[in-house]
1. Among the listed residues VAL61, VAL115, which satisfies the condition of being closer than 12 Å to LEU27 by Cα and surrounded by fewer than 14 Cβ atoms within 10 Å (Cβ to Cβ)?
2. What pairs come up if the first residue lies in the stretch 92-118 and is closer than 17 Å to LYS128 by Cα, the second is at pLDDT 90 or above and surrounded by 14 or more Cβ atoms within 10 Å (Cβ to Cβ), and their beta carbons are under 8 Å apart, counting only those six or more places apart or on different chains?
3. Would you tally the residues in the stretch 23-49 being in contact (Cβ under 8 Å) with a residue 40 or more places away in the chain and outside any loop (DSSP other than H, G, I, E, B)?
4. Any residue at all in the stretch 49-57 that's exposed (fewer than 14 other Cβ atoms within 10 Å of the Cβ), of a type in the set (Ser, Thr, Tyr), more than 14 Å from THR26 (Cα to Cα) and in contact with a helix residue (DSSP H, G or I) (Cβ under 9 Å, 6 or more places away or on another chain)?
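The values are calculated or read from the model by the stated rules, or taken from the named source; none is laboratory data. Everything numeric in this text was worked out from a predicted model, so none of it was measured. Methodologically, a virtual Cβ is constructed for each residue, glycine included, from the backbone with ideal geometry; neighbour enumeration extends over all protein chains shown.
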Amino acid sequence: MAARTHALNSVLMPTKRTTPTEPFTTLTQWREARGLTQEQVGNKLGLGSAAIHKWEAGKVVPNVDRLRQLAEIYETTPDALFYPPEAGRHVEELRRADALLRRMSPEQADRWLTVAEDLLGISVPKIK
């Protein structure tokens, strides 16, 4: 399964490798991408803008419930918050692809990935 996911990751991810950033340094990017101020986000969470600033500055780590709430505000998923907003689409695509791959036999998954490679005109080496 890991090999198929890795191969799919190589196909779907942009040429520039997108990796998680230091925890929560992308929160500012997500907020700004949604056109929100720290005050507006704080109001939605029942917090002051100082709390949002501390999260964005990496001084305080939001708990899991707050991450879920932020993800809802930013219209994404909690795990996508670790990536820049422009990579968020790829995180969702990988999640969907992984869900499909987990329901397939190894033979079905290999055929599915081969079709994707053919559509893109590329070949992703298999990991043995």
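1. VAL61
2. Sorted first by the residue in the stretch 92-118, then by its partner, the pairs are ALA109/LEU101.
3. Adding up the residues that qualify gives 5.
4. no
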